[in-house]
Each structure stands twice: as structure tokens, then as C-alpha cells.
Amino acid sequence: MKNYIKLSFLSLSLVAVTSCELESPSISALDASSVFGTYSLAEAEVMSIHVSFGETNSYRGRFLPYYGVNTDVEVGNSPELSKATEDKQSLWNYNTLPNNGQMNTDNNAYAKFYEGIERANLAIEGLRQYGDIENKPDMAQLLGEALTLRAVIYNDLIKAWGDVPARFVPNGPDNVYLPRTNRDVIYKQLLADLKEAEDYCYWPNENKITQSTERISKAFVKGLRARLALYAGGYGLRGDGYRRSKDPELAPSLMYQIAKEECLDIINQGCNTLGSFKENFIKLCEDNVTAGGESLWEIPFSEGRGRVLYTWGVKHQAKDQYTQQAQGGVNGPIATLYYDYDEDDIRRDITCVPYEWSKDLVNGKAHVQLRAQNKWCFGKLRYEWMKRIVTSTNDDGVNWQYMRLADVYLMAAEAVNELDGPSAAWQYMKPVLSRVLPAAKVSALQSEYTANKAAFFKGIVDQRGFEFAGEALRKCDLVRWGNIDVKMAEAVAKLQNLQKREGVYAGYPDKVYINNSEDKDKIEIYGLNKGEDDPDVIKELKDAGWDSKNWFESTSGYVLTDDYINGLYVVTPSTHCLWPIWQTFIDASNNMLNNDGVYGQLSD
């Protein structure tokens with residue numbers, strides 16, 4: 001099923017000059033009535049939207065690697081104040097400039113997002129006119145997919161750039177140059193589009209089209225609409241400050257109601273199941289795109305596209321027994337995250353990995369070796385779990401899981417808490433916790449979280465961090481909740497305590513031991529938990545040849561340096577949580593775009 005990154009009849013003639021200066025496409029091979037009146041041809045047009053996801057500097061190589069870090073759970077490996085103005089660091093540390101060398105090109109994510117939107121606009125227009133969607137449900141499914149894919153792209157445009165030009169019709173002479181549009185206008189359009197798409201799309205496995213997580217289903221449409229409602233009703237950086245929308249149609253209570261209804265529809269339909277936490281990520285690495293499990297929708301990358309494990313996976317220093325790609329480990333957990341989990345939480349050891357695979361090979365095989373306190377890896381995505389060898393230098397072809405069922409449950413819990421209170425909301429948080437914690441600890445959290453609305457909201461904030469670390473959802477959550485400054489300041493304070501093993505971090509052993517395994521199923525680690533400093537155990541481990549490493553202090557001082565801690569963010573996050581529109585697009589906009597004030601956001 002991973003073959004959607006391909007060209008089609010109309011998209012072959014789509015020429016992107018810049019995201020704000022697009023030539024109108026011409027149809028040369030077949031006319032629109034023939035294309036959009038024939039299912040196979042129309043399907044190819046809708047699938048061509050995915051081309052823009054896989055372009056070198058689009059989602060593949062720029063947006064997914066860089067957007068979403070740094071937060072209180074995720075960092076680019078690793079933050080450094082001493083390099084704060086370097087291009088990569090400044091994409092993470094909330095001090096991004098329009099001339100950023102990683103982004104200021106005419107073929108980067110901003111441009112490719114609009115290329116994808118143009119492909120979607122052409123498909124939507126053609127299907128509405130020639131698809132006979134009233135009588136052909138499969139053609140209606142295609143229209144629903146095009147509307148949803150356009151909403152996906154606009155969602156990410158707004159997350160990263162705030163108010164952006166609104167393009168909901170194909171490009172022509174009258175709309176080549178457009179100014180920014182208030183995001184409220186775009187949000188309302190997207191919420192309406194997704195409501196319409198719900199009527200067109202099949203539930204997972206209701207039809208052969210939706211048997212794959214690479215195709216849009218009604219479950220994902222509803223989940224995306226819930227997510228967009230929470231974003232639209234939440235805080236954001238605008239021209240007159242960091243605030244919620246003033247539009248009464250986007251009032252928080254109304255948006256929470258949408259999120260509640262959509263999430264409960266998905267849960268009650270029962271087309272998707274949670275399964276185990278680990279199983280979800282193993283299936284993702286195995287390219288298992290069978291619908292009906294936890295995954296609702298994935299950005300489909302072909303085997304030669306996508307830098308998902310490259311960026312978010314466990315580091316491999318060499319081409320070893322598990323991969324022909326020496327990559328991984330670009331982004332990782334913030335140093336405190338492992339210690340903030342409950343020791344019995346299954347998510348901890350899956351999410352936070354303190355080791356990498358060695359550069360030195362013995363008979364072609366690498367062994368595990370400890371990284372450092374400031375260079376953890378995320379472990380949700382692992383080359384070791386793949387069923388095929390990666391043969392590309394930089395691309396692994398693993399899909400990006402855009403939404404999973406746990407997100408639906410926790411969005412439902414959040415919305416129901418706001419509307420109906422914590423007692424009603426608990427039933428939607430419980431399934432997520434019951435699969436990762438012992439029953440007694442779930443019960444204790446129930447008592448803690450259901451004390452009142454504020455306590456439950458704190459539980460949502462904590463559990464979404466534990467559940468989705470390494471999935472690039474946290475930054476947007478902190479922004480929409482209005483607590484990004486508080487949580488980022490808290491993250492720095494926690495790092496300072498961890499550095500010196502003070503407060504809740506007091507008592508952790510200085511050394512960590514690892515068993516040097518070449519077998520992914522036999523990796524053992526000792527010394528990461530309190531009390532794991534028994535001298536008799538340590539002697540046995542040394543005698544058995546285990547490697548060890550000073551975890552908190554080295555001969556040169558603290559492993560968690562002040563440079564790491566102070567490099568997490570260098571300006572106030574809430575006032576710099578957006579990227580500016582890159583200078584190349586400003587220069588090509590016929591004076592319609594700028595980054596004046598707070599990145600030129602509209603204030604109405």
C-alpha cells in the first residue's frame with residue numbers, strides 16, 4: 001500500500017513558483033471531465049496530494065524533523081546555548097529568523113504545503129463538478145479524502161506560521177498574490193469542510209478503500225475535526241498578543257463540544273481498538289498498515305522517502321545487523337522525562353532509550369552502548385523492529401503516524417472534563433492508563449485526578465506528555481493550553497535539579513550499567529532507578545563484562561551542562577512560538593506578506 005507518492009495526470013502540469021506565486025496549471029493529457037468522472041483517474045489525482053508530503057524539504061526533511069521541539073518532553077539532540085544562533089538550534093529554541101539557512105529556500109515545507117493545497121483544490125473542484133458524488137459513494141470518499149488532506153496541511157501551516165494566506169480554490173490570475181488571512185477564517189472553513197467530509201468517508205474497514213491506515217477514514221476525519229476544534233478554541237500567538245480567539249463562533253465551550261461529540265462518535269463506533277502501547281509502534285515500524293487498530297491515519301512514505309526513524313528513532317552508528325543506514329537519534333527525550341515517569345509505567349522504557357548501537361562491528365553486528373544523560377533517544381521507533389533493510393542513505397520509508405486512538409480518548413477526556421466534570425471524563429482517560437500502569441496505581445490516579453476540574457486538567461497535561469512524547473504533539477498542546485511559558489520554565493528548573501540530583505531527583509545512582517547485547521530482545525540496564533546501586537549486584541555485572549558509564553558527572557563536571565539547560569529556549573516561548581514566513585516568500589509576494597510586529601499576525 002506504500003505507493004502513493006506518485007504523479008498523476010493533472011499534477012504533472014502543476015508548477016509551483018513560490019507558495020504565494022503559483023502559475024495556473026493546464027490540463028494537457030486528459031480533460032477534467034474525463035479525469036474526475038473516472039474513479040481510477042480521480043483516485044490518482046487525490047493520491048498525488050501525498051507527493052507534496054514526501055518532497056525533500058517538505059514534511060520529509062524539514063517539517064517533521066524540526067517542528068515540535070523543544071518542549072518539556074522533547075529536544076533536538078541536544079540544545080546548546082553556545083550555538084543558539086545556528087540554523088538548527090534556532091529552529092528549536094524559539095528564536096527563528098526569516099533568513100534561516102535550513103528553511104529560506106523556495107522549495108521548503110512552506111512552499112510544498114501550498115503545492116499540496118493546490119493539488120487538493122484541483123481535486124475538490126473536479127470531483128464536485130464531475131464526480132457524481134451523490135450517486136457514487138466511492139467518488140464521494142475521494143472528495144472526503146481531498147477535503148481532509150487539505151485540512152491536514154492547513155492545520156500544520158497554522159501551527160507553524162499562524163495566520164497564512166487562505167487558498168481554497170485553484171490558482172488563477174486573480175489570486176496569485178494573497179496577504180495573510182486571519183486564522184479564525186481558516187479554522188471555520190476547515191471545521192465545515194471536515195463536517196462535510198464525514199458524510200463522504202467510510203469508517204475503517206467499512207469498504208476496501210479504508211482497509212489501510214494510509215487512506216482517510218471517517219474515524220480520522222472526526223479525530224482531526226476534534227483536534228482542530230481544540231486548537232481553534234485555544235490560545236495562540238496573534239498580532240495583539242498571545243490569546244484566545246475573539247470570534248464567538250470559536251468560543252472554547254463550543255469547540256469543546258465539537259471535540260467531545262467527534263471523539264465519542266469514534267469511540268462508540270468501535271472500529272478502532274487500542275491494543276498494547278508497544279504493539280502500536282512495532283506495527284508502525286513493520287509497515288503494517290492494516291486498519292482497525294490504534295492507528296487512525298499515517299502520512300504514507302514509500303521505501304525511498306521519509307526521515308522518520310532517521311530523526312525520531314534509536315541511533316545506529318553503523319550499517320549493522322538491523323539496518324543499512326547509520327542514522328537515528330536526531331531528536332530525543334528531554335533529560336528529565338525518564339525520571340518523571342512512574343517506574344511501573346510501560347511507556348517509560350519504550351519511549352526513553354539511554355543507549356545506541358555501536359559503530360564498531362563484530363562479524364557485521366553492532367552491540368548496544370550507553371549514550372549520555374544529555375543524549376537520550378526516543379525508542380518508539382526502532383530500526384530493530386523493521387521487517388526490511390533500509391537501503392537509502394537518509395530515508396527509511398516508515399510512515400508518520402499522524403493520529404492514533406489514544407489521542408482520541410485523551411481529547412475526549414479533556415473536553416468532557418471541561419463540559420461535564422472530571423467524574424464523567426475519567427472513563428475516557430482510564431483505558432489509556434490501564435494498559436500501561438498497574439490497577440492499583442490507576443485507581444490512585446483516579447482519586448487524584450477526579451478531585452476537581454483543575455486536578456483533572458493537570459492530569460491531562462501530564463498524561464499527554466507521557467503518552468505522546470516523541471510524536472511532536474506537545475508544543476501545540478502547550479500553546480493551545482496557554483501554559484507554554486510556565487511549563488518551559490518548569491522544565492529548566494527540573495533540569496537544574498536533575499543536574500545536581502536534588503529535590504525529587506535526589507538519590508539516583510551515579511553509574512549506569514548495560515549488558516553489551518547484540519540482541520534487541522536481551523538488552524538489560526542497571527542503575528537508572530533509585531536503589532540500583534547494590535555493590536554485590538554491581539560486582540556481578542562487572543564480572544559478566546557489562547559496560548558502565550558515569551551518568552551525572554564526568555571528569556569535566558556535570559554531564560547536564562548549563563549550556564544544555566539554558567539552550568532549551570532563549571526567548572519567551574509564547575511570544576515566539578511561531579516560525580516567521582521565510583524571506584524568500586516575503587520578497588516574492590508583491591508586498592502582500594511581511595513579518596512585521598509579531599511575525600505579522602492579524603489582530604482581529
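The values are calculated or read from the model by the stated rules, or taken from the named source; none is laboratory data. This is a predicted model, so every value here is computed, not measured. FYI the Cβ positions are ideal-geometry reconstructions off the backbone, even for glycines, and counts take in every protein chain you see. Note: areas computed on protein heavy atoms with side chains; ligands, DNA, RNA excluded. Shrake-Rupley method; radii C 1.70, N 1.55, O 1.52, S 1.80 Å.
So, with a 1.4 angstrom probe, what is the percent of accessible area on the chain that is carbon and sulfur?
Solvent-exposed carbon and sulfur of the chain make up 46 percent of the total.
7 Å from Cα along Cα→Cβ at both ILE346 and ASP519: what's the point-to-point distance in nm?
Reported label-point gap for ILE346 and ASP519 is 2.3 nm.
Taking a probe of 1.4 Å, how large is the accessible area per residue of the chain, in Å²?
36 Å²
Calculated FRET efficiency, SER554 and SER443, Cβ-Cβ r, R0 41 Å, to nearest 0.05?
Once rounded, the FRET efficiency stands at 0.45.
Taking 41 Å as R0, compute the FRET efficiency from the Cβ-Cβ separation of GLN324 and ASN205 and round it to 0.05.
0.75
Would you calculate the separation in nanometres between label points at ASP174 and GLU502, each defined as 7 Å from the Cα along the Cα-to-beta-carbon direction?
Going by the 7 Å Cα→Cβ label model, 6.5 nm.
Restricting attention to the stretch 68-122, which GluC sites (Glu not before Pro) occupy a DSSP loop and are surrounded by at most 10 other Cβ atoms within 10 Å?
Hits after loop and neighbour filter: nothing returned.
By how many degrees, between 0 and 90 and to the nearest 10, does the Cα long axis of helix 405-420 differ from the longest principal axis of the chain?
80 degrees
Quick one: P(r) of the stretch 330-487 from all Cα-Cα pairs, 5 Å bins, percents rounded to integers, in order of increasing distance.
Spelled out bin by bin, the stretch 330-487 gives 1, 8, 14, 18, 18, 15, 10, 7, 5, 3, 1, 0, 0 percent.
Mind checking the alpha-carbon convex hull of the chain and giving the volume per residue in Å³?
With only Cα atoms used, the chain gives 146 Å³ per residue.
Sequence-distant or interchain residues sharing an amide H contact under 5 Å with MET403, placed H: which?
Residues meeting the amide H criterion: LEU296, TRP297.
Helix 137-161: angle to the longest alpha-carbon principal axis of the chain, degrees 0 to 90, nearest 10?
60 degrees
At R0 = 56 Å, how high is the FRET efficiency between ASP31 and ASP534 if r is their beta carbon distance? Nearest 0.05 is fine.
The calculated FRET efficiency here is 0.15.
Placing +1 at every Lys and Arg Cβ and -1 at every Asp and Glu Cβ, with all other atoms neutral, what dipole size does the stretch 211-292 have around its Cα centre, in debye to the nearest 20?
I would put it at about 240 debye.
For the stretch 289-297, in order, what is each residue's ³J(HN,Hα) by Karplus, 6.51 cos²θ - 1.76 cosθ + 1.60 with θ = phi - 60°, in whole Hz (x at glycine and Pro)?
Ordered by residue, 3J(HN,Hα) equals 9, 5, 6, x, x, 7, 6, 8, 7 Hz.
Considering only ASN590, LEU498, SER574, whose Cα is most displaced toward the positive end of the charge dipole of the stretch 484-604, charges sitting on Cβ of Lys, Arg (+1) and Asp, Glu (-1)?
Checked the options; the winner is SER574.
Could you tell me the relative contact order of the chain? Use alpha-carbon pairs under 8 Å, at least six residues apart, and round to a whole percent.
Relative contact order comes out at 20 percent.
Can you give the charge dipole size of the chain about its Cα centre, rounded to the nearest 20 debye, using +1 on the beta carbon of Lys and Arg and -1 on the beta carbon of Asp and Glu?
240 debye
Sum up the charges of everything whose Cβ sits under 14 Å from the Cβ of GLU490, counting Lys and Arg as +1 and Asp and Glu as -1, but leave GLU490 out.
Once positives and negatives cancel, what remains is 0.
For the stretch 372-480, give the magnitude of the charge dipole about the Cα centre (Cβ charges: +1 Lys/Arg, -1 Asp/Glu; no others), in debye to the nearest 20.
The dipole of the stretch 372-480 has a size of about 260 debye.
Ranking request for peptides 418-426, 46-54, 153-161: highest mean number of other beta-carbon atoms within 10 Å first, then the rest in descending order.
46-54, 153-161, 418-426
Note down the relative contact order for the stretch 392-464 as a percent, whole number, built from C-alpha pairs under 8 angstrom at least six residues apart.
About 29 percent, as a whole number.
How far, in nm, would the chain grow between SER392 and ASP510 when pulled straight, counting 0.36 nm per residue and subtracting the alpha carbon separation?
38.6 nm
Kirkwood hydrodynamic radius, computed over distinct alpha-carbon pairs, for the stretch 453-604: how many Å, to one decimal?
Its Kirkwood hydrodynamic radius stands at 19.8 Å.
Per DSSP helix of 4 or more residues, -39500 (n - 2.57); summed, then divided by the residues of the chain. What does that give at 222 nm, rounded to the nearest 500?
It lands at -12500 deg cm²/dmol.
Taking 7 Å along the Cα-to-C-beta vector as the label spot, tell me the THR85-VAL492 distance in nanometres, rounded to one decimal.
2.0 nm
Could you tell me which residue out of MET47, ILE124, THR105 lies farthest along the dipole of the chain toward its positive end? Charges go on the beta carbon: Lys and Arg +1, Asp and Glu -1, centred on the Cα centre.
About the Cα centre, the residue reaching furthest to the positive side is THR105.
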